[in-house]
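Report on one structure; see the data block that follows.
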Amino acid sequence: MAQKMKIKLIIGSTRPNRFGPKPAQWLYELARQRDDADYELIDLHRVGLPFLDEPEPALSGRYQNDHTKAWARTIAEADGLIFITSEYNHSYPAALKNAIDFLAAEWYHKPLGLVSYGAAQGGARAAEHLRGVAAQLKMYDLGEQVAIPNYWAQLDSEGNFAPSEAQVKAANELLDSLVFWSGQMSRARAELAAGG
């Protein structure tokens, strides 16, 4: 039996009272109903990375700080990733960029799915900015995406996120694609590591 892929869902905003944990928890619970991968939810607020403090560029792979080494291990074991991102001033949060910039090779050749939220555009501009960063890091940016426009309008009476049918469908399509490409790119990474 093939080993299950490891998918990491990363909440990109660390702001107090942020919305991000709500759709992240929804997506995580949806994913856990499946039996096609092992899913882990990661909150950058809890990870607690400082502002980038490594003395050498991430490309060197020579990490000095324990928090960087721990973060590198977390991302290195992932076969696929989902960023749950807000949109601040037409882009994504500084905390997410900071977390990305700590590492290099750990991101390489892995598929990336995006869940974005914001006002009328649903975080579309944040997602587009992330696509350029993903390309630089040799990630495979999936076309499938979950967008949540005017997210405050999708809170129920208890303040929980209430996804639409279209968002549930988009989320399942994203997960299907991510699991498939995680498997494909896991084999490709193994071939690259073997010098193929």
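The values are calculated or read from the model by the stated rules, or taken from the named source; none is laboratory data. Treat the numbers as computed from the prediction; the structure is a model and nothing was measured. So basically every Cβ, Gly included, is an ideal-geometry build from the backbone, and we count neighbours across all protein chains shown. Heavy atoms of the whole protein, side chains included, go into the accessibility calculation; ligands, DNA and RNA do not. Shrake-Rupley method; radii C 1.70, N 1.55, O 1.52, S 1.80 Å.
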Residue satisfying all of: in region 11-45; among the acidic types (Asp, Glu) and in contact with a strand residue (DSSP E or B) (Cβ under 9 Å, 6 or more places away or on another chain); farthest from Ala94 (Cα to Cα) among these: Asp36
Pairs, first farther than 21 Å from Ile100 by Cα and open to solvent by 50 Å² or more (accessible area, probe 1.4 Å) in region 4-17, second assigned to a loop (DSSP other than H, G, I, E, B) and at pLDDT 95 or above, C-beta under 8 Å, six or more apart: Lys4/Asp36
Filtered residue count, region 106-130, keeping only those that are open to solvent by 10 Å² or more (accessible area, probe 1.4 Å) and under 20 Å from Gln184 (Cα atoms): 3
Selection within region 22-45 - small (Gly, Ala, Ser) and in a helix (DSSP H, G or I): Ala24, Ala31
Residue list for region 53-105, filter: loosely packed, with under 15 Cβ neighbours inside 10 Å and aliphatic (A, V, I, L, M): Leu59, Ala70, Ala76, Ala94
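Residue by residue, here is whether (1) under 15 Å from Trp181 (Cβ atoms); (2) over 11 Å from the mean Cα position of the chain (by Cα) holds:
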| site | (1), (2) |
| --- | --- |
| Tyr108 | yes, yes |
| Gly113 | yes, no |
| Ala126 | no, yes |
| Gln136 | no, yes |
| Gln145 | yes, yes |
| Ile148 | no, yes |
| Leu155 | no, yes |
Hey, Tyr88 over 19 Å from the mean Cα position of the chain (by Cα) and of a type in the set (Phe, Trp, Tyr) or not: no
Some residue of region 87-104 being hydroxyl-bearing (Ser, Thr, Tyr), within 20 Å of Lys22 (Cβ to Cβ), in contact (Cβ under 8 Å) with a residue 24 or more places away in the chain and part of a strand (DSSP E or B): yes
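Every residue in region 159-196 that is under 18 Å from Ala105 (Cβ atoms) and in contact with a strand residue (DSSP E or B) (Cβ under 7 Å, 6 or more places away or on another chain), please.
Ser182, Met185, Ser186
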